[in-house]
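Note sheet for the following structure.
The values are calculated or read from the model by the stated rules, or taken from the named source; none is laboratory data. Computed from a predicted structure; not experimentally measured. Methodologically, a virtual Cβ is constructed for each residue, glycine included, from the backbone with ideal geometry; neighbour enumeration extends over all protein chains shown. What goes into the accessible areas is simple: the full protein's heavy atoms, side chains included, and nothing from ligands, DNA or RNA. Shrake-Rupley method; radii C 1.70, N 1.55, O 1.52, S 1.80 Å.
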Amino acid sequence: MNNNAKILKQLNTMVILTLITQVFILIKNAIVASYFGISAELDAFNLANRITTFIYSFIGAGVSTVIIPYLREKVNKRGIDIFISVIYTAGFLLLLAIIIFRVDIILLAGGSKEESFLSIAANILIFTAITGFLESLIQLAKGILEFNEKFNIQKLIVLSSNVIIVIMLFIGRNNIYYYALIVLFAAIINLFFHIIFLKKSNFNYELNYDLKDQNFREMLRLFYPTMLSTGVYQLSLLIDTLIAARLPVGSISTLSYANAVISMINLLLLGNIISFVYPKLVKKNNNKDRQNSLISYILLVNVMMCLLIVLFYSSGREGIRVLFERGEFTSGDTEIVFIVALILTLSLPANAIRDLLYRYFYMNKDTITPFINSIMVSIVNIVISLFLAKYIGLYGIVIGTILASFYSLFFISFRFGRKFPVYFSKKILFIENSKVIIITILAVIAAMLFKNMVNITNPYAGLIVYSVYTIVVFIVLLKTFKSKIFKINL
């Protein structure tokens, strides 16, 4: 079996495992929707969860990104140990502070003085804060396992934890505290198995606080911009939630359902590709080889994300009906979640390409440029979202997010061209990705005409028929336009 075939086999296995995981995540979301619908209770959970996701995203993503380039040389082990010790000690102290001041945090963030909402959100913040800290540890373990090319082991662990959540939801009660508890329990199980496989991969860790170590100091200098870059992006998501908290009841839940759909897409495809690509690009011998691989992956993710836009337009409404429309989740809820999620899908290609470009900066030990990009984009996002939300409510928040995503891609692309020598043809890159955009527009038109001619009322049948039609049309158009996607060498 040649190297390309091995890579494809490994990537296919990753996608299959993630797909199975997504099935259980969808089941979990369907159960949650049937239990809580779009409600103040679920708003409280989502607010608490978003706060802790924001806080611990500073640690998890930044640590795993910075550590990976240092894993290549054994001489860096001492610096890695010190780095982990310092960062996660700070994370634990932060956890204690969140628990102690949880009422004040919710009062400040919630925009509501309704006693029941504040009480539920503050209590749930205890569960979500502990879960957030554990998830940051899992991100560290995930990065190390992926560097050692144990991609599928990590995917199996995530699958198992989601199976546990679904089983416990089935046998449990429709109680928001119970839901928060089982999410925490699944995170504990997830971390436990990550640690077991870390030991099997010969990764050893020793507690160390030697702050004078040069490798540690270099990692810390790289970590700050990476941490802030990730955190600033999460800040824009948090701001969206805080704005939604000041809109009518259920706005946070609606935004969370829509984001859950988009997150599912990101985890299934983009998350797999990014986690797969980054270690492989790091291991390339020179920047010319890295850039040649990078532009191939850019075309790949652009094709995938644009296909998902068309798929969601053609069959997203049916998909949401199948997933959520039962119990407390009504047909009216389906319509608003579909529209919000459809708007959010427009940001998928820009975010995917931007994330790939970020990784190129990271592997060249430049964390400042992505940080500056994130700062500027978050400011744009917050300003536009605040302005539009005043006039068109929840839709204004998501439109602001879309506009900021395109601005983000434009700025980081400009900085890429200014900072690095370019070893690929910009003309070919532009032509190939322009083809994908044209194909996407034509495929949306084809889907629109098809849905007008063939009106399928059964959501299950509609989901299948519209999806198959869309995929066939998209592939035919790719062939017709002679896209280079079929000639990519992974």
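General observations
- Qualifying residue in the stretch 137-155 (condition: under 20 Å from residue 50 (Cβ atoms), part of a helix (DSSP H, G or I) and out of contact with any Phe, Trp or Tyr (no Cβ under 8 Å at 6 or more places or on another chain)): yes
- Unique residue being in contact with a Gly (Cβ under 9 Å, 6 or more places away or on another chain) and either of a type in the set (A, V, I, L, M) or within 21 Å of residue 352 (Cα to Cα) (or both) when the list is 329, 312: 312
- Against the conditions (1) in a helix (DSSP H, G or I); (2) at pLDDT 80 or above, residue 236 satisfies every one except (2).
- Within the stretch 320-335, residues that are within 14 Å of residue 253 (Cβ to Cβ) sit with their Cβ atoms under 8 Å from residues that are open to solvent by 70 Å² or more (accessible area, probe 1.4 Å) and part of a helix (DSSP H, G or I), at 6+ positions apart or across chains, in these pairs: 334/317; 334/321.
- Being among the aliphatic types (A, V, I, L, M), crowded, with 19+ Cβ neighbours inside 10 Å, at pLDDT 85 or above and in a helix (DSSP H, G or I) is a property that residue 377 lacks.
- Residue in the stretch 90-108 that is modelled with pLDDT under 80 and either outside any helix (DSSP H, G or I) or crowded, with 17+ Cβ neighbours inside 10 Å (or both) present: no
- For the stretch 17-53, the set of residues classified as out of contact with any Leu (no Cβ under 6 Å at 6 or more places or on another chain), polar (S, T, N, Q) and either open to solvent by less than 10 Å² (accessible area, probe 1.4 Å) or over 27 Å from residue 227 (Cβ atoms) (or both) consists of 29, 34, 39, 52, listed by residue number.
- Top-ranked residue of the stretch 474-490 - restricted to ones that are open to solvent by less than 80 Å² (accessible area, probe 1.4 Å), in contact (Cβ under 8 Å) with a residue 60 or more places away in the chain and part of a helix (DSSP H, G or I), ranked as farthest from residue 434 (Cα to Cα): 474
- Any chance residue 343 is surrounded by fewer than 21 Cβ atoms within 10 Å (Cβ to Cβ) and either more than 30 Å from residue 36 (Cα to Cα) or within 17 Å of the chain's Cα centre (by Cα) (or both): yes
- Single unsatisfied condition, residue 72 versus (1) in a helix (DSSP H, G or I); (2) open to solvent by 60 Å² or more (accessible area, probe 1.4 Å); (3) at pLDDT below 85: (1)
- Condition check for residue 63: over 13 Å from residue 121 (Cα atoms) and in contact with a Ser or Thr (Cβ under 8 Å, 6 or more places away or on another chain): yes
- Residue identified as in a helix (DSSP H, G or I), aliphatic (A, V, I, L, M) and modelled with pLDDT of 80 or more among 244, 258: 258
- Selection count, the stretch 400-441, where residues are open to solvent by less than 90 Å² (accessible area, probe 1.4 Å) and either out of contact with any helix residue (DSSP H, G or I) (no Cβ under 9 Å at 6 or more places or on another chain) or over 28 Å from residue 255 (Cβ atoms) (or both): 19
- Subset of the stretch 139-180 [more than 16 Å from residue 32 (Cβ to Cβ) and open to solvent by 30 Å² or more (accessible area, probe 1.4 Å)]: 139, 142, 148, 149, 150, 152, 153, 156, 158, 160
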